[in-house]
Amino acid sequence: MRPNLILHVVAKFLIPLIILFALYVQFHGDFGPGGGFQAGVIFSAAFILYSLVFGLDTAEKIIPAHWLRVLAALGVVIYAGVGVLSLLLGGNYLDYTLLAGDQIAGQHLGILLVELGVGITVAAAMLILFFAFAGRGRE
Amino acid sequence: MIDVFIDITLLAFLAITAVAIVRITNLFAVVMLFGVFSLLSAGLFVVMDAPDVAFTEAAVGAGISTVLMLATLALVRRSQKPYYAEAPRAHRPWLPLIVVTVTGSALVYGTWDIPGFGAPDAPAQTHVARYYIENALSETGRAGELSRLRYPGRSHGDLYRGRGRTAVARWATLETGSQDKG
C-alpha cells in the first residue's frame with residue numbers, strides 16, 4: 001500500500017478520539033443513550049479505520065486473531081458469570097441486587113459488569129467479522 | 001408540527017434512496033446509498049425520541065456494514081448487469097407486481113389495528129412500563145426508568161428531566177419495538 005501522509009496523520013489523530021468516545025459510551029451507558037453494544041461497535045470501528053489506513057497485516061500484529069477469539073469468549077463469560085454469581089448468592093439469574101451491600105450499589109455494579117461483557121464481545125466479534133471479510137483478498 | 005415536517009422530509013428521502021438502490025447497477029454507488037439510507041433512518045429515530053436506536057443504526061448500519069460491504073466489493077465485480085438484460089423472454093412483470101401490491105396492502109391493513117404512536121393504551125405502556133416508572137428510582141437510584149425494559153439500572157435521566165413522562169413513555173414504545181437492535 002502506498003503511504004499517504006494526510007491519511008496517516010488524520011487517522012492517527014482520529015483513532016484515540018474514537019476510542020475515547022467508545023469508552024464514554026460504554027461507561028456512561030447507565031445515564032444516557034448508549035451501552036455495551038454501541039460502545040463495542042465504535043471501539044472496533046477505531047481498529048477498522050487503523051487497518052484500512054495502515055494495512056491489514058499491521059492491524060493483525062496489534063490484535064492477533066487468536067486474542068480476538070479469547071476476548072469474544074471472555075465477554076460472554078463475564079456476562080454469564082454475573083448471572084451465575086447472583087444465582088450462587090441466592091437470587092435469580094442476573095439479579096443484581098445481591099451483588100453489593102445495598103440494592104442501588106448492587107444494581108449499579110451488576111449493569112456495569114454486564115455491559116462490559118457485552119462491549120468486549122461485540123468489539124471482538126466485529127473485528128473478527130471484518131478480518132474474515134478483508135483477509136480473503138490476500139489468498 | 002416541525003416534527004411532522006421533518007418526518008415527511010426524511011421519509012421522502014428514504015423512499016428516493018430506496019428507489020435509487022434498486023435502479024443503480026454500479027455496486028459501489030449502491031453501497032454508499034445503503035450508508036445514506038442508514039443515516040436517514042438514524043435521523044428518523046432521533047426525531048421519534050429513540051436516540052439509543054439511532055445510535056445503533058448509525059454505528060452498525062452506516063458504519064460497520066458499509067465497511068463490510070466495501071470489503072466484499074473488493075472481492076467481486078464492481079457492477080451488476082441490469083436484470084432485464086438477463087431475464088428470460090417469457091418474463092411477465094404483472095404477476096410479481098400484483099403479489100407485491102397485495103402483500104403491501106395487507107401490511108398497511110394490519111397497521112390499522114396497531115395503537116397510535118405514543119398512545120397511552122398501547123401494550124408497552126400498560127404492561128411493565130408502569131412498574132418501571134413507579135419503582136426504578138427507588139430500586140436502582142436512576143431517575144430514568146425506561147431502559148429497564150432491557151437492562152435494569154440503565155437510564156436516560158436527561159430525557160426524563162427535560163421532556164417529562166410522556167417522552168419517557170413514548171420511548172418505551174420504541175424500545176420494546178426494537179429490542180433486537182441493542
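Each reported figure results from applying straightforward, stated rules to the coordinates on display, with no laboratory input. As the structure is a prediction and not an experimental result, all values here were calculated from the model. Counting neighbours? That spans all protein chains shown, and the Cβs are built from the backbone with ideal geometry, glycine included.
Report the gain in length on full extension from B:Ala20 to B:Ile98: 0.36 nm times residue separation, minus Cα-Cα distance, nm rounded to one decimal. Walk me through the intermediate numbers first.
Values: separation 78, 0.36 × 78 = 28.08 nm, distance 2.18 nm.
Value of the extension gain: 25.9 nm.
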Among A:Phe47, A:Ile111, A:Phe31, whose Cα lies farthest out toward the positive end of the dipole of the range A:5-138, if unit charges sit on the beta carbon of Lys, Arg (+1) and Asp, Glu (-1)? A:Phe47
Cα coordinate range in chain A, projected on the principal axes (Å, largest first): 59, 31, 18
Relative contact order, percent, of the range A:5-138 when contacts are C-alpha pairs under 8 Å separated by at least 6 residues? 29 percent
Using 0.36 nm times the number of residues separating A:Val84 and A:Tyr24, minus their current alpha carbon distance, what extension gain do you get? 18.8 nm
Quick check for me: using +1 on Lys/Arg Cβ and -1 on Asp/Glu Cβ, what's the dipole size of the range A:5-138 about its Cα centre, in debye to the nearest 20? 580 debye
